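Taken together, the values in this text are just the output of simple stated rules run on the coordinates, not laboratory data. Quick caveat, the model's predicted, so the values are computed rather than measured. For neighbour counting, all protein chains shown are included, and Cβ atoms are generated from backbone atoms with ideal geometry for every residue, glycine included.
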Amino acid sequence: MNDRFNLYRFAAPATFYPLAGKMIPWFVAAGILFGLAGLYIGMLVAPTDFQQGEGYRIIFVHVPTSWMSMFIYLVMAFWAAIGLAFNTRLSGMMARALAPTGALMAFLSLWTGALWGKPMWGTWWVWDARLTSELILLFLYIGYMALVAAIDDPRRGDKAGGILLLVGVVNIPIIYFSVKWWNTLHQGSSVNLTKSSMAEIMLWGMLLMALAFWMYSIAIALARVRTIMLERERHTDWVRQELAGDSQ
Amino acid sequence: MPNIVFSVIARDLKLAMRRQADIVSALFFFVIVVSLFPLGIGPEVDLLRQLAPGILWVAALLATMLSLPRLFADDYRDGTLEQLALAPHPLGLVVTGKVIAHWLVSGLPLALITPVLGIQFDLSTDALLVLTGAILIGTPALSGIGAIGAALTLGLRGGGILLSLLVLPLYIPVLIFGAGAVDATVSGLGGEGHLSLLAAMTIAAIGFAPWASAAALKIALE
């Protein structure tokens with residue numbers, strides 16, 4: 001029809017499946033490169049912190065996972081909104097494919113936070129506003145995954161999950177601020193990360209690691225969405241051709 | 001337009017009155033959970049006085065949540081819900097009526113019995129008033145937010161447990177400000193700010209949640 005590059009073409013699973021397959025190796029390679037560079041800077045180049053010693057180096061995993069956990073929820077809510085507004089099949093699959101990665105990031109963020117907290121603050125867990133809201137975010141991820149898993153009809157599951165995601169994304173600021181006020185009312189903040197100007201090299205390490213986690217998340221979500229597409233569309237011709245091509 | 005809201009409230013109240021055992025059992029669930037805490041914690045009056053707002057609020061959250069599956073399930077099973085969705089009135093208004101009726105039979109009784117339970121925890125008169133007021137103002141928000149969860153889990157196996165996973169994290173702000181109002185009053189800061197925020201949440205939940213649950217109901221009815 002026309003030569004104009006049409007992005008909407010890729011909203012159909014049959015065209016998105018091969019595209020995702022082509023993109024995955026690139027994102028994996030970029031993730032490995034960024035990860036190696038980030039780890040090199042983080043573990044070998046960045047100087048020892050004069051207050052926190054070597055233990056601070058967990059920041060290079062902790063901060064990127066926290067960012068990703070929050071960002072992935074927003075991306076899922078974005079796909080949910082698209083899916084509910086335009087009734088596209090792919091959006092719900094994308095939200096589903098992202099959910100386990102988001103939950104993993106939230107869990108890793110909490111876990112590395114606990115490992116960091118023990119040597120620095122002397123405790124695994126404090127009811128700090130940021131820790132508590134990250135924990136609630138993990139609950140929201142688990143709630144979403146439980147809901148879509150409980151609904152047998154995939155399209156109904158996508159839509160119901162989409163509504164839950166949108167309700168969740170409206171609630172996240174409310175939850176965050178209520179937890180923050182609750183915390184300041186109950187106790188003076190016993191934990192205060194002094195906002196010392198971070199050495200530039202540490203910032204670079206963190207950014208590289210964030211990019212590495214970003215690439216990992218995209219690659220794994222694409223791989224997951226490919227399997228979801230095959231499973232959902234198994235009765236269609238393109239899946240039969242795809243699978244027949246693999247076995248040759 | 002508001003007629004549909006009132007007629008749904010009247011209908012749901014009439015149905016609830018014919019099954020009073022349901023109302024009473026949710027209420028006694030609340031009373032029993034609250035009474036279990038002193039047995040677990042110990043009878044020290046100072047400690048209990050401090051814990052009372054949190055305990056009563058958590059119990060109120062659980063009691064409200066337990067009665068949520070019934071919000072739509074009976075109408076779904078006998079086909080009434082489908083007829084209501086086909087009616088010319090916006091489904092959001094129907095759900096608004098159901099949410100208000102749900103609060104009248106589940107939230108309001110909790111608020112009415114709260115002073116009695118608060119006395120067991122040796123709360124002062126001020127704290128008792130604020131706690132009762134907070135439960136009175138805050139429980140409509142619980143019914144509203146819960147309606148979304150009830151609509152999303154309609155007709156699913158294991159719906160009850162799933163409902164708690166979906167709804168309890170969203171209840172956290174109400175819990176924080178509800179229990180916080182009493183703490184602020186006891187510590188002399190004044191609980192008005194908390195109560196205002198609680199009222200804001202209730203208004204937002206009653207205003208917006210029914211429309212989200214209506215969207216969820218339409219998905220369930222497809």
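How high is the relative contact order of chain A? Use alpha-carbon pairs under 8 Å, at least six apart in sequence, and give a whole percent. Don't skip to the end; give the middle numbers.
Details: 269 pairs, mean separation 86.9, N = 248.
Result for chain A is 35 percent.
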Under 8 Å for C-alpha pairs, at least 6 residues apart: give me the relative contact order for chain B, rounded to a whole percent. 27 percent
In Hz, Karplus ³J(HN,Hα) per residue of the stretch A:211-223 (6.51, -1.76, 1.60; θ = phi - 60°; x = Gly, Pro): 5, 4, 5, 4, 4, 4, 5, 5, 4, 6, 5, 5, 4
Shape call for the stretch B:100-222 from the C-alpha gyration tensor, a ≥ b ≥ c root eigenvalues: rounded (a/c under 1.5), prolate (a/b greater than b/c) or oblate? prolate
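Per-residue counts of other Cβ atoms within 10 Å, averaged by peptide: what ranking do you get for B:165-174, B:146-155, highest first? List each step's numbers first, then the result.
Values: B:165-174: 23.4, B:146-155: 27.6.
Per-residue mean Cβ counts within 10 Å order the peptides as B:146-155, B:165-174.
Tell me the mean residue ellipticity at 222 nm calculated for the protein assembly as shown from its helices only (DSSP H runs of n ≥ 4, each -39500 (n - 2.57), averaged over every residue, nearest 500). Mind showing how you got there, number by number?
Details: 17 runs with 376 residues, N = 470.
Value at 222 nm, helices only: -28000 deg cm²/dmol.
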Any idea what the relative contact order of the stretch B:60-147 is, in percent, if you count C-alpha pairs under 8 Å spaced at least 6 apart? 42 percent
Taking the Cα centroid of the stretch A:62-131 and of the stretch B:69-118, what is the distance between the two, rounded to the nearest whole Å? 33 Å
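At a 10 angstrom cut-off on C-beta neighbours, averaged per residue, how do the peptides B:87-97, B:37-47 rank from highest to lowest? Walk me through the intermediate numbers first.
Numbers: B:87-97: 18.9, B:37-47: 11.0.
Sorting B:87-97, B:37-47 by mean packing, highest first, produces B:87-97, B:37-47.
Under the rule a/c < 1.5 gives rounded, and otherwise a/b versus b/c splits prolate from oblate, where does the protein assembly as shown land using the Cα gyration tensor? Present the calculation step by step, with values, prior to reporting the outcome.
On the way: a/c = 2.59, a/b = 1.21, b/c = 2.14.
Here the protein assembly as shown falls in the oblate category.
When a/c is below 1.5 the answer is rounded, else prolate if a/b is larger than b/c, else oblate, so apply that to chain B with a ≥ b ≥ c taken from the square roots of the Cα gyration tensor eigenvalues.
On the way: a/c = 2.17, a/b = 1.83, b/c = 1.19.
Cα axes put chain B in the prolate bin.
Which of the peptides A:200-211, A:37-48 is most tightly packed, and how do the rest follow, going by the mean number of other Cβ atoms within 10 Å of each residue?
Working: A:200-211: 18.1, A:37-48: 15.4.
Result, highest mean Cβ count within 10 Å first: A:200-211, A:37-48.
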Crossing angle, helix A:89-121 versus chain A [Cα axis fit, 0-90 degrees, rounded to tens]: 20 degrees
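Within 10 Å of each Cβ in peptide B:172-179, how many partner chain Cβ atoms are there on average? Round it to a whole number, please. Before the final figure, lay out the partial values.
Details: counts 10, 9, 2, 2, 11, 3, 0, 1.
Taking the mean over all residues of the peptide, I get 5.
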TM-like helix rule applied to chain B (DSSP H, alpha carbon span at least 27 Å on the long axis, mean Kyte-Doolittle at least 1.6) gives B:20-41, B:125-152, B:159-186
Step through the residues of the stretch A:25-33 one at a time and calculate ³J(HN,Hα) from phi using the Karplus curve (6.51 cos²θ - 1.76 cosθ + 1.60, θ = phi - 60°), rounding each to whole Hz and writing x for Gly and Pro. x, 5, 5, 5, 4, 4, x, 5, 4
Residue by residue, what Karplus-based ³J(HN,Hα) values in Hz, rounded to whole numbers, does the stretch A:68-78 have, using 6.51, -1.76 and 1.60 with θ = phi - 60° and x for Gly and Pro? 4, 4, 6, 5, 4, 5, 5, 4, 4, 5, 4
Between 0 and 90°, nearest 10: helix A:129-150 axis offset from chain A longest Cα axis: 20 degrees
Residues whose placed amide H lies under 5 Å from that of residue B:156, excluding near-sequence neighbours: none
